[in-house]
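So the structure is just underneath, and the comments pick up after that.
The values are calculated or read from the model by the stated rules, or taken from the named source; none is laboratory data. In this text, all values refer to a predicted model and were calculated from it rather than measured experimentally. Glycine also receives a Cβ, built like all others from the backbone with ideal geometry; neighbour counts cover every protein chain displayed. Surface areas here come from the heavy atoms of the whole protein model, side chains and all, with no ligands, DNA or RNA. Shrake-Rupley method; radii C 1.70, N 1.55, O 1.52, S 1.80 Å.
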Amino acid sequence: MFAAVDTKHQDLLIQNLENILNKIKQNKTPLINESFQQFLNTKNGYLVSSLVSEFLEFFSLGFTLAVFQPGTGTQVHGPDRGNLAQDLGIVENENTRDGPLLLEVMKRCQNSNSREDGSSDSSLPVLHNLVTELPLLEAKTSLSNEAILRYSRQLVLPELGVKGQLNLSKSSVLIVGCGGLGCPLAQYLAAAGIGRLGLLDYDVVEINNLHRQVLHGENRQGIPKSLSAATALKQLNSGVEYICYNLILTPKIALELIQQYDIIADCSDNVPTRYLVNDACVLTGKPLVSASALRMEGQLTVYNYHGSPCYRCLFPVPPPAETVTNCSDGGVLGVVPGIMGCLQALEVLKIASGLGTSFGQFMLMFDALEGRFRNIRLRPKNQNCAVCGANPTIRVLQDYEAFCGSSASDKCRTLHLLSKEERISAQEYKKILDEQVPHLLVDVRPPVEVDICHLPHSIYITLDKLERKNLDCLNHLNRKLLEGKQITDEEMSFPVYVICKLGNDSQKAVKILQELSGKELGVLLAKDITGGLMAWSNKVDPTFPQY
């Protein structure tokens, strides 16, 4: 433990460390005085050592820092313990010059990790930023008394019993995506006693995740989702092995990763990842339990299991990128992915325990609004399928973003339908307002989004009504154009700016207005506002709500 130091020095160190932690948790670069310059690596992040964790624990600050070496995913230990004033520094050498990288700042209750001898267990799940080979799970021949007591309520089920529980304990599951589907799935798999749980996600916890991603919390904002999930799961069942991956699943690493797990659960929210996971499962012979949730609906299917079709059998060609909607774009009621994630957990547990699945030849459809489930029988395995057919053409993983024409990200997509000349920035539009240049601002969002927030001088015509060329809307727009031209007393093209949430639908609307200009509508010059209302909030008016 640290040597005693004078109170003044101790208070100064605590004050500086608390300031650093608060700034990092807010995702801001802290100002570090001369005593702490050794912790700052301007290129890669923060240089810290496990001594900081010990220091924070020693003074009961209730924080734990998880520190990892870039490129290895292993925990970094600081210099030898000794006098506090000397040992807080990190000696620059060939190994530390590129970082240890500070990936996490986690707040926790020390009492919950206390051992019987009074010492504290500061261990945290290790966060991996690359794929490493995992040892085989040890196959148990019997259950301990503790396991019998813990799992007693499911052990007495004739369908499961001791044999089924032992099967669970030697099974490994990889969850791709620790969001609305992945959280309840992981929670019930951990509770049921699955042997190893791989948790993969490239993203960090944000406040807008919390209505549906129930393993995370307010105090974990900015923390990688996989580590946040594992931390919560470890409190639920410390007997499960948790492997956290803070990375994007790519064709380069997918086979190496997926072949190390028995069952794969796809909880992603984008088309390229769905094709990638499917193809990797087929090539490695792994069953794939896939689910999705959007708005008030959900779907679940088990692919590539005992001769069942794969995802490509059903969907050989991806949909046009502009037609795909995810939760960020279309919204979702939080409980809907919760239900679908629980159903995924059920199917994974049935497969892992040896019971088998009910959805190898069926797709489960859930309508939350009607409170109705229904099963749709799937077509048999397609013998002409490019990856699992009789003569497959896909034997290696491909570029799935190019194949799908979209990004392998669950974030809101960005369309590029207009030229640079057909768009203006939020700042440029603010200048137009300030100079009181006559124009028309058209908000093409649905009414439910307009109710959340809007610019007071805009008029509202939804994109779907523009696409249908709704007569009432076109007449309304024509009247507004005529009023604007009377004010300017000009016959030239009247400027119309289109706005939406993020600048995607507005581009589609501009395309439609350009086609209607001088025909169904008066002559106009249509442009959209890049980034939409969220860009307005970020770059012009920080008091404007974000959603």
Subject >> Residue selected from region 127-155 under the condition assigned to a loop (DSSP other than H, G, I, E, B) and acidic (D, E), by the criterion surrounded by the fewest Cβ atoms within 10 Å (Cβ to Cβ) >> reply: E133
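Looking only at residues that are in a loop (DSSP other than H, G, I, E, B) and among the basic types (K, R) in region 467-512, which one is most open to solvent (accessible area, probe 1.4 Å)? So that I can check it myself, show each step before the final result.
Step one: list which residues in region 467-512 are in a loop (DSSP other than H, G, I, E, B), which gives 468-470, 489-493, 500-504.
Narrowing further to those that are among the basic types (K, R): 468-469, 501.
On the way: R468: 145, K469: 96, K501: 34 Å².
Result: R468.
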**OP:** Could you give me the residue pairs with C-beta distances under 7 Å whose first residue belongs to region 366-395 and is of a type in the set (D, E, K, R), whose second residue is open to solvent by 30 Å² or more (accessible area, probe 1.4 Å) and not in a loop (DSSP other than H, G, I, E, B) wherever it lies, and which are 6+ apart or on separate chains?
**Re:** D367/E297; R374/M365; R377/F362
**OP:** Looking only at region 293-303, decide whether some residue is open to solvent by 10 Å² or more (accessible area, probe 1.4 Å) and of a type in the set (V, I, T).
**Re:** no
**OP:** Give the residues of region 415-426 that are more than 10 Å from G531 (Cβ to Cβ) and either in a helix (DSSP H, G or I) or among the acidic types (D, E) (or both), sorted by residue number.
**Re:** K420, E421, E422
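From the list G330, G360, G307, G341, exactly one residue is assigned by TED's automatic domain parsing to the domain that holds T284 and on the phi > 0 side of the Ramachandran plot. Which is it?
On the way: G330 fails: on the phi > 0 side of the Ramachandran plot; G360 fails: on the phi > 0 side of the Ramachandran plot; G341 fails: on the phi > 0 side of the Ramachandran plot.
Exactly one residue qualifies, and that residue is G307.
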Subject >> Options L463, L525, L455: the member that is crowded, with 18+ Cβ neighbours inside 10 Å, in contact (Cβ under 8 Å) with a residue 12 or more places away in the chain and not assigned by TED's automatic domain parsing to the domain that holds V332 >> reply: L463
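For (1) modelled with pLDDT under 95; (2) closer than 20 Å to D266 by Cβ; (3) open to solvent by 60 Å² or more (accessible area, probe 1.4 Å), each residue gets a yes or a no:
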position: Q344; (1), (2), (3): no, yes, no
position: V348; (1), (2), (3): no, yes, no
position: I351; (1), (2), (3): no, yes, no
position: G360; (1), (2), (3): yes, yes, no
position: F366; (1), (2), (3): no, yes, no
position: R374; (1), (2), (3): no, no, yes
position: C385; (1), (2), (3): no, yes, no
position: L397; (1), (2), (3): no, yes, no
**OP:** Identify all residues within region 532-544 that are open to solvent by 50 Å² or more (accessible area, probe 1.4 Å) and within 22 Å of the chain's Cα centre (by Cα); write none if there are none.
**Re:** N538
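Could you go through region 461-474 and let me know if any residue there is over 19 Å from K420 (Cα atoms) and touching a strand residue (DSSP E or B) at 6+ places or on another chain (Cβ under 6 Å).
The initial filter retains those residues of region 461-474 that are over 19 Å from K420 (Cα atoms), namely 461-474.
This time we only want the ones that are touching a strand residue (DSSP E or B) at 6+ places or on another chain (Cβ under 6 Å), so: 461.
Yes, that holds for at least one residue.
Quick grid of which residues meet (1) outside any loop (DSSP other than H, G, I, E, B); (2) touching a helix residue (DSSP H, G or I) at 6+ places or on another chain (Cβ under 7 Å); (3) aliphatic (A, V, I, L, M):
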| position | (1), (2), (3) |
| --- | --- |
| L174 | yes, yes, yes |
| C178 | no, yes, no |
| L185 | yes, yes, yes |
| L197 | yes, yes, yes |
| Y202 | no, no, no |
| N208 | yes, no, no |
| L215 | no, yes, yes |
Original post:
Which of the following residues is under 11 Å from R423 (Cα atoms) and in the same structural domain as L477 (by TED's automatic domain parsing): S506, S493, S517?
Top reply: S506
**OP:** Check off (1) under 23 Å from P495 (Cα atoms); (2) surrounded by 14 or more Cβ atoms within 10 Å (Cβ to Cβ); (3) under 27 Å from the mean Cα position of the chain (by Cα) for H416 and give me the number that stays unchecked.
**Re:** (2)
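Every residue in region 156-178 that is open to solvent by less than 60 Å² (accessible area, probe 1.4 Å) and farther than 29 Å from C244 by Cβ, please.
Let us first name the residues in region 156-178 that are open to solvent by less than 60 Å² (accessible area, probe 1.4 Å), namely 160-161, 164-169, 171-178.
Within region 156-178, just G161 meets the criteria.
Just give me the residues in region 180-197 being out of contact with any Phe, Trp or Tyr (no Cβ under 6 Å at 6 or more places or on another chain) and either at pLDDT below 95 or surrounded by 24 or more Cβ atoms within 10 Å (Cβ to Cβ) (or both), in sequence order. Write out each step before concluding.
Pass one, region 180-197, residues out of contact with any Phe, Trp or Tyr (no Cβ under 6 Å at 6 or more places or on another chain): 180-192, 194-196.
Scanning region 180-197 gives G180, L181, G182, C183, P184, L185, A186, L189, A190, I194.
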